[in-house]
Amino acid sequence: MSTLEHTAEVAEAAPADRPLSGLDRCDSCGAQAYVRATLSGSELLFCAHHAAKHEAKLRPMAEAWHDESHKLTA
Ligand SMILES: [Zn+2]
């Protein structure tokens, strides 16, 4: 049992792979975030609209670009 608990702790400690949730909000407009960019070790969250607006500029310099906009069903 302790092995399973340890695995869960490791997973939570890997924020780069953490899925976005409804609690994550766009830094620009406060809508639900679907993209998380990591820049210089800090995270930026964007809704699909602002991700598209900033992607061309930010993505080349981002260390990570986590895009869940495919989850949008609208
Ligand atoms: Zn936005």
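Please treat every number below as a calculation from the coordinates, not as lab data. Values in this document were obtained by computation on a predicted structure and should not be read as measured data. Using ideal geometry, Cβ is built from the backbone for each residue, glycine included, and neighbour counts are taken over all protein chains shown.
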Enumerate the amide H contacts of L39 below 5 Å, restricted to partners 5 or more residues apart or on another chain; note that Pro and chain-start residues carry no placed amide H. L44, E63
Would you mind putting 28-35, 53-60, 39-46 in packing order, based on average other-beta-carbon counts within 10 Å, highest first? 28-35, 39-46, 53-60
